[in-house]
Amino acid sequence: LLASIVAVLGMGARLAPLVAWLCMLTIQHRAPWLSMPGEILLTAGLFYLLIDTGRTTWTVRPGFDDSTQRISANLAIRCGQIHLLMWLVFSAISMFQYNVWWNGSAVSVLSQQIHGWLGEISSDSHFGQFCTMAIPGLQLAGAFFLARRSTIALGLVCLATFATAVALLAGDWLYSLALIAMGTVFIS
């Protein structure tokens, strides 16, 4: 936690994200059954911060030189963008291997197991079936629109809608916040 705070303040240069990344990896490798999808995205994001720490808003380190940082910053941004696009596509494709996503009952089954903010959703409800079809659709649409420079704003809307749906239906706020944080690599 301390390494993350130091990284946000811009005091640790590359050492603070390295320590935070190593701590995150030790937790994931020590107890992988405790890892959730959001933690895997956070680990990737911390790794990309090792490539370039970027410009922090509340930095206490003055004198950021744009000319020497362009190559590593561009590499870190592109890695984050490609990672998020691949995550969205492969996550949606992996959903389609289960029958519950094809017959419209996945959100109902998920709500019965997890008890998200919306409570249990009936398998016969049109809302549950709509959400079941919309979730992978939002992922694929988000990846499609984010991959094109002219439609990035629409892709970010799809990503935010998907993240909100995950938070409300599954109660996984960490995954939602990690998706939104990774989506910021598309904001220029």
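What pairs come up if the first residue lies in the stretch 133-147 and is farther than 18 Å from VAL185 by Cβ, the second is outside any helix (DSSP H, G or I), and their beta carbons are under 8 Å apart, counting only those six or more places apart or on different chains? These pairs meet every condition: MET133/GLY104; PRO136/PHE96. No other residue among VAL89, VAL107 is part of a helix (DSSP H, G or I), surrounded by 12 or more Cβ atoms within 10 Å (Cβ to Cβ), touching a Cys at 6+ places or on another chain (Cβ under 7 Å) and at pLDDT 70 or above apart from VAL107. For the condition more than 26 Å from GLN113 (Cβ to Cβ), open to solvent by less than 50 Å² (accessible area, probe 1.4 Å) and in a helix (DSSP H, G or I), what is the one hit in THR184, THR151, THR132? Residue meeting the stated conditions: THR151. Of all residues in the stretch 83-109, those satisfying the criterion of being aliphatic (A, V, I, L, M) and over 12 Å from the mean Cα position of the chain (by Cα) are VAL89, ALA92, ILE93, MET95, VAL100, ALA106, VAL107, VAL109. Select from the stretch 76-86 the residues that are of a type outside the set (D, E, K, R) and open to solvent by 90 Å² or more (accessible area, probe 1.4 Å) and write down the one among them that is farthest from ILE51 (Cα to Cα). Going through the qualifying residues, I end up with MET86.
The values are calculated or read from the model by the stated rules, or taken from the named source; none is laboratory data. Everything numeric in this text was worked out from a predicted model, so none of it was measured. Virtual Cβ from ideal backbone geometry, glycine too; neighbours counted across all protein chains shown. Accessible surface is based on the protein model in full, side chains and every heavy atom, while ligands, DNA and RNA are left aside. Shrake-Rupley method; radii C 1.70, N 1.55, O 1.52, S 1.80 Å.
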